Amino acid sequence: MKLLIVGGVAAGASAAARARRLNEEAEIILFERGQFISFANCGLPYHIGKVIPNRRQLLVMPAAAFRARNRVDVRTLHEVTAIDRAQKRVSVKNLNTGESYFESYDKLVLATGSSPIRPSIPGADDPDVMQLWTMPDMDRIIARVERGAKRAVVVGGGFIGLEIAENLRELGLEVTIVEMLPQVLPTLDPEMAQPLIKELRQAGIELALGRRVTEIHRASTEETIESELHVVLDDGTEIQTKFVVMSVGVRPNSELAQTAGLELSDRKGVLVNEYLQTSDPDIYAVGDAIAVRDLVTGDLAQIPLAGPANRQGRIAADNIMGRRRVYRGSVGTSVVKLFSKTAASAGLTEKRLQAIGRPYHKIYLHPFSNATYYPGATQMAMKLLFDREGKVLGVQIVGEKGVDKRVDVVATAMLAGMDVFDLEELELSYAPPYGSARDPVNVAGMLAANVLRGDTCPVYPDQIPQDAFMLDVREPSEMEEGAFPGAHMIPLGQLRARLQELPRDRQIVACCRVGLRGYLAERLLKQHGFNACNLSGGLKTWKLYHGE
Ligand code: FAD
């Protein structure tokens, strides 16, 4: 068996190492056009910010160590330029010497990853307009900061843009993020991104949301590297900066596959079957380069994340070495740190569900990371999307502690095909420093199940009927936290005694701080014949929609 692997980072290195573990006899050659294999691209922003002080820590396994441990012929600075499927061989260019040669294969794995999109903006080819994708990219940004840059513009407010902005800000730079959407982190719905926007502003990062960069030019006519860049936005604003980092998304590196006649998806991801075989059964493809099955919709999607890439590499190697293993698909579970906040999600957002016309229900909750009587508990905002059968369609959580744990539990449940009724019943670890006897995931399941069982009718800040009667059931002392405009106040404890104050011909929207007392009021009122519903997540959700 002669196995060739193209691309030596997450998916490719995983495939090579696994193949060797299963087959000691195979000849395995790993081609990587860059200088490094198996490096931690996810760690790059944190070396810029000096959180990871030692550059070598990013080299998860240097080529020599990988070669020695796995007996894999690692060829860095070797680019595979073509695939001849008829003769089962690839053309390789040695980037050190410029020589080209052929290498034959029995099986071929394409793990070519993705590349950052370079938007066609005038001036984007300036050397101070950078990207962060590889170790050399990182070195260039660090060199620019060390040469005294005090201002940076990050274009794109997705994961990588946010991580770059945070790390540059932590180094003391003035940072502006320009994002064409009216929010950051598009894997969240707009209201769920509000706490991140607040966090960014509190950290002193300028935001230009809903704005596009139309042009970048140098201030001085002398095109010296030290002159300032002017980043021009579509409303005419000009931002002066020393350098720009473009982080506006990625596209799959599928040209090699395309030229070889392999089938691609509409979004140019390499098409694979459940065994990760391309349209040529001797060629497998893995990682960012492929189109994966979105487990919620069943449709094809590009989900460029390190976890799926690593697992796909392993599964492809298993299949090549004669084990039959299926890659089921992905729910796109992701998490990002932003100063003191953590934001995480899995599955689809509400805006995506609306775009594809898929019916859904949603609930908001604002649980604590752990028992509130134990020091250090922090509150999170959680949104669960589900359908009328109880299938979980998506989850989004923003908070400080415990966000990653809850998103992972829900994502695991989604992969296992569990529904909201299962979430209610999950047995999760609990002690006061770590959680609550009713974990946020259980509570999310209970709230969703309450909706489906007809026990509650949630309403949302943007969907309150005009003639609804807003009933605030908090205590008067809580008004300092904020008021619901026009709401009638009856604390929950007095509600039974004051029912005569309420209209029987209008919808009553019960509201409180986080939605629990509103739900209790709703239950009480319904049993007394009122048309009542509950503001999902209470004032906390209200503030996500309407600000503080
Ligand atoms: P890559 O890791 O990109 O590797 C592909 C390799 O193939 C490249 O090194 C490329 O040089 C090589 N190659 C391509 N074509 C050829 C060719 N023709 N010949 C030879 N070699 C070739 N994901 C997360 O899940 N969490 C994170 O926190 C996270 N943070 C990130 C932060 C940054 C700054 C970056 C850049 C990415 C981050 N990612 C994160 C994404 C994650 O790194 C990728 O999803 C993952 O690396 C994809 O693995 P891959 O093997 O498919 O592609």
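Below is a table of values for the structure above.
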{"item": "Qualifying lysines (Cα of each under 29 Å from Cα of Lys401; at least 8 residues distant if same chain)", "result": "Lys50, Lys198, Lys337, Lys341, Lys351, Lys362, Lys383, Lys391, Lys540, Lys543"}
{"item": "Cα-centred dipole magnitude for the range 63-119, charges only on beta-carbon of K, R (+1) and D, E (-1), debye, nearest 20", "result": "200 debye"}
{"item": "Radius 14 Å from Cβ of Val248, net charge of other residues (Lys, Arg +1; Asp, Glu -1)", "result": "+3"}
{"item": "Positive-pole candidate from Met414, Phe368, Leu426, dipole of the range 354-436, charges at beta carbon", "result": "Phe368"}
{"item": "Added length on full extension, which subtracts the Cα-Cα distance from 0.36 nm per residue, Met1 to Leu95", "result": "31.2 nm"}
{"item": "Assigned charges on the beta-carbon of Lys, Arg, Asp, Glu; the range 495-548 dipole about Cα centre (debye)", "result": "160 debye"}
{"item": "Spin-label model distance (nm) - Glu27 vs Arg438, 7 Å beyond Cα toward Cβ", "result": "6.5 nm"}
{"item": "Whole-angstrom gap from the range 481-548 to the range 316-383, using each part's C-alpha centre", "result": "29 Å"}
{"item": "Solvent-accessible ranking of Cys457, Cys511, largest area first, probe 1.4 Å", "result": "Cys457, Cys511"}
{"item": "Solvent-accessible heavy-atom area per residue, rounded to whole Å², over the range 379-454 at 1.4 Å", "result": "41 Å²"}
{"item": "Leading residue at positive end of dipole, the range 484-543 (Cβ point charges), from Pro503, Phe484, Thr541", "result": "Thr541"}
{"item": "Net charge of Cβ neighbours under 14 Å - reference Met489; Lys, Arg +1; Asp, Glu -1", "result": "-2"}
{"item": "Whichever aspartates and glutamates have a C-alpha closer than 14 Å to that of Lys88, once near sequence neighbours (fewer than 8 apart) are set aside", "result": "Glu103, Asp106, Asp280, Asp282"}
{"item": "Within straight-line cross-link reach of Lys93, lysines at Cα separation under 23 Å, skipping those fewer than 8 residues along the same chain", "result": "Lys2, Lys107"}
{"item": "Antiparallel bridges, percent of DSSP beta bridges restricted to the chain (to nearest 5)", "result": "55 percent"}
{"item": "Net charge dipole size for the chain [Lys, Arg +1 and Asp, Glu -1 on Cβ; Debye, nearest 20]", "result": "1260 debye"}
{"item": "FRET E, pair Val51, Asp125, Förster distance 22 Å, beta-carbon r, rounded to 0.05", "result": "0.10"}
{"item": "Packing-based order for 65-74, 282-291, 90-99, using average beta carbon neighbours within 10 Å, highest first", "result": "282-291, 65-74, 90-99"}
{"item": "Unit Cα scatterers, Debye sum, the range 215-299: log10 I(q)/I(0) for q = 0.13, 0.21, 0.25, 0.26 Å⁻¹", "result": "-0.62, -0.90, -1.19, -1.26"}
{"item": "Average silhouette area of the chain, convex hull of alpha-carbon atoms, in square nanometres", "result": "28.9 nm²"}
{"item": "Apportionment of accessible area to carbon and sulfur, the chain, percent (1.4 Å)", "result": "50 percent"}
{"item": "Neighbourhood charge, 14 Å Cβ-Cβ cut-off, centred on His528 and excluding it, Lys, Arg +1 and Asp, Glu -1", "result": "+3"}
{"item": "Residue (of Gly148, Ile160, Thr112) at the positive-pole extreme of the range 85-161, dipole from beta-carbon charges", "result": "Thr112"}
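The values are calculated or read from the model by the stated rules, or taken from the named source; none is laboratory data. Source: prediction; values computed, not measured. Please note: Cβ atoms are built from the backbone with ideal geometry, for glycine as well, and neighbour counts cover all protein chains shown. Only protein heavy atoms, including side chains, enter the accessible area calculation; ligands, DNA and RNA are left aside. Shrake-Rupley method; radii C 1.70, N 1.55, O 1.52, S 1.80 Å.
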